[in-house]
Amino acid sequence: TYVVLKVQNLKSTTIDRRGSEPCWEQDFMFEICAGGKGFIIELWKKGLLWDSILGVLWISLATVEHATDEGPGSWWTLHSEVIKNGSEIQGTKTPTSHEILLDVYFAVPF
């Protein structure tokens, strides 16, 4: 499995890991403009011919806290559907059985 993060016009991907409880321990840092509404996290399962999505999560930037250091993170339930208003993603719905542990925060400048 692997994770894809999408925020504004930026996209980043983890390396793929095997097992039922994969761990990436990977940090991502994005410089984004203030106009953004949120970001998408997708969990994918690598396939022989094509990859399949296991779940998706949309996190509103308005809910993200500021921090100076990493925290313990929080468990987030992944969903199977994306809620859109036109082409703009506004959330996700229909929970799956998959969860992901994330530590999401705005880094406070030094």
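Identify the residue in segment 1-49 that is closer than 25 Å to K84 by Cα, hydrophobic (A, V, I, L, M, F, W, C) and over 14 Å from the mean Cα position of the chain (by Cα) and, among all such residues, is modelled with the lowest pLDDT. Step by step, filter segment 1-49, then rank; the result is A34. Assessment of segment 69-76 against the conditions (touching a residue at least 60 places away in the same chain (Cβ under 8 Å) and touching a Leu at 6+ places or on another chain (Cβ under 9 Å)) yields no matching residue. In segment 10-31 there is at least one residue that is among the hydrophobic types (A, V, I, L, M, F, W, C) and touching a residue at least 40 places away in the same chain (Cβ under 8 Å). The strands (runs of 3 or more DSSP E) found entirely in the chain that carry 2 or more residues being acidic (D, E) and open to solvent by 70 Å² or more (accessible area, probe 1.4 Å) are 88-102.
The values are calculated or read from the model by the stated rules, or taken from the named source; none is laboratory data. Note that this is a predicted model, so its numbers are computed, not measured. All Cβ positions, glycine included, derive from the backbone under ideal geometry; neighbour counts span all protein chains shown. Heads up: the accessible areas ignore ligands, DNA and RNA and are worked out on the full protein's heavy atoms, side chains in. Shrake-Rupley method; radii C 1.70, N 1.55, O 1.52, S 1.80 Å.
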